[in-house]
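Down below is the structure, laid out as structure tokens.
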Amino acid sequence: MSTPAIKSQPIYAELEWDRTGTHHILFVSAEDAALAQRLLSNPPGGTLTVVHLRPADDSRSAWSQNLPDTALYLETHTLAEALEVLRDAFYVAQMGTRIYLAGAEDAIWQASQLADTFGVSRDEIRHAQLGTKARPVFCVHCRTITRGVHTNIVSCSGCGRSLFVRDHFSRRLGAYMGFQIDAEVPGEVPAAEVVYP
Amino acid sequence: MSSASLNVEIRRIRDLAPGIREFSLSRTDGDDFPVYSGGSHIVLSLPLGERTHRNPYSLLGDPTDRKTWRVAVRKQEDSRGGSRWLHEQAREGMRIDIAAPVNLFALNRLGRRHILVAGGIGITPILSQARELARLGADFEVHYAYRAPEYGVFVDELEALAPGRIHHYVQSRREQIEFSSLLAGRPLGTHFYICGPGGMVAASMNAGKALGWPESHLHSEQFLAPTGGEPFDVKLTASGKAFTVPSDLSLLEAIEQQGVDAPYLCRGGACGQCELEVVDASGELIHHDLYLSAEERASGKKIMPCVSRLKGGCLTLNL
Ligand code: FES
């Protein structure tokens, strides 16, 4: 059975621990003090590994405080590094593990694709959108993904076409679909507006 | 009727072990069989006197063998005749009808490792799954439990598929599968499949859940043979029939005997396909299926006619 792509925008439920799991891996790439407090003050049973992607300054993060003593905390500073660390965590993980991905959509869906390669099923993984609403946008014409898009219209980083950013999201690609906006009348591109802060 | 039916000839009968026989089937029209997926079963229509008896059996051969399909049948002493007919009356050269394969026990192709467990005759779907995994070059192992050495049917075929990855548990030698250790410490992406007696299946599912395995990775198949019971009366509202289900027929069989088309897939209480709406029941519903939830049972609104019955009184169904 293959995983069908979500045809529209993902809906994110409130992030909660799945206490039927016996091991837990939390990947987090954005601040949310209230969520951190709520989750970490009532940790699930079994082992907990936290892979944290945080800026390299020494500001204090709610995710590194209040950690249960038994948690394994892994700090990373770039998304590439975070995904590497996460790959290692998945590699040694056992059945019974639940995976929680919290952060910007670009980061969590790249992490989710990584989990897919380990054969993780939907009932083992939860997603939560935190921080920026910027979208990864897949150009349906040249198949390049342009990342960190805040506007409804963006110039594709691959082919330079002006893309209209749709709400259609592909879970497999981890991106929203972008279609050329001036296909009918070339050159007629409305002004882009910031809609994904 | 359910899926399309094919007429086949019994080409070969082999005795594999005390009370276990294998039947090789070929199409009578000379055409090729369709390819099926590992874990599929077919339903055999067996001519028992003037009525037809339909029993599900897992296909166990090579899913890509288009000429011959094989099933293995254990003689159920207390059965109402299906397996007994296959053991006592069936002869090579006889022709019977079968329903095309249905798979309620499919492999998850995204799995990175597969643990297959068979108890007794439950080896039949496991064998076709193992063949499919071997062909895909997938990572798998088989754990096979049986009563005594002579009951270990197909061990040579299994060994050839996955040398060194077949583990035997022989009850007469007091060997048994410890599911908690079998399922512990398995890497992400592992899938577990079991076909065997009810108690064994339940023990494995409980062990998996206690270790935190999610439902999507725990696969089981368990067919119940319909048990007889007391006769009871039935009224069908849509088709306007009224009749009595005799003690040696299932409700589904009795409905079919009236010429009423009722849906089914597994005929073993597992798939949910045959579900019927209970309009009224003056008597106690005896649920034998593995499908309905406790709430659904309590509601008294649904019944799986392939295995379940009514005790006393009259059952009115929306059919
Ligand atoms: S036919 Fe599958 S539950 Fe009755």
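The values are calculated or read from the model by the stated rules, or taken from the named source; none is laboratory data. Bear in mind that the values here come from a model prediction, so they are computed numbers and not experimental data. We place every Cβ from the backbone using ideal geometry, glycine too, and count neighbours over all the protein chains shown. The protein model used for the area step is the full one, side chains on, heavy atoms only, and it has no ligands, DNA or RNA in it. Shrake-Rupley method; radii C 1.70, N 1.55, O 1.52, S 1.80 Å.
Miscellaneous remarks
- Top-ranked residue in the stretch A:114-150 [being open to solvent by 30 Å² or more (accessible area, probe 1.4 Å) and assigned to a strand (DSSP E or B); ranked as farthest from the other protein chains (Cβ to nearest Cβ)]: A:148
- The set of residues in the stretch B:97-114 that are closer than 16 Å to residue B:221 by Cβ and within 15 Å of the ligand (Cβ to nearest atom) comprises B:101, B:102, B:103, B:104, B:105.
- Test: residue B:15 is open to solvent by 50 Å² or more (accessible area, probe 1.4 Å) and without any contact (Cβ under 8 Å) to a residue 12 or more places away in the chain: yes
- Scanning the stretch B:163-186 for residues being closer than 30 Å to residue A:46 by Cα and either open to solvent by 10 Å² or more (accessible area, probe 1.4 Å) or in contact with a His (Cβ under 9 Å, 6 or more places away or on another chain) (or both) gives a total of 10.
- Condition check for residue A:75: over 22 Å from residue A:117 (Cα atoms), outside any loop (DSSP other than H, G, I, E, B) and within 18 Å of the chain's Cα centre (by Cα): yes
- Residues located in the stretch A:34-85, provided they are open to solvent by 30 Å² or more (accessible area, probe 1.4 Å), among the β-branched types (Val, Ile, Thr) and under 20 Å from residue A:23 (Cα atoms): A:47, A:70, A:85
- On inspection, residue A:109 passes the criterion of being among the aromatic types (Phe, Trp, Tyr), out of contact with any Cys (no Cβ under 8 Å at 6 or more places or on another chain) and part of a helix (DSSP H, G or I).
- Within the stretch B:187-242, considering residues that are polar (S, T, N, Q) and over 13 Å from residue B:118 (Cα atoms), the one most open to solvent (accessible area, probe 1.4 Å): B:206
- Residue B:209 falls short on exactly one of the conditions (1) touching a Gly at 6+ places or on another chain (Cβ under 7 Å); (2) within 14 Å of chain A (Cβ to nearest Cβ); (3) of a type outside the set (A, V, I, L, M, F, W, C), and that condition is (1).
- Any hit, the stretch A:6-16, residues being within 14 Å of chain B (Cβ to nearest Cβ), of a type in the set (A, V, I, L, M, F, W, C), surrounded by 19 or more Cβ atoms within 10 Å (Cβ to Cβ) and closer than 25 Å to residue B:217 by Cβ: no
- Condition met for residue A:114 (assigned by TED's automatic domain parsing to the domain that holds residue A:33 and under 14 Å from the mean Cα position of the chain (by Cα)): yes
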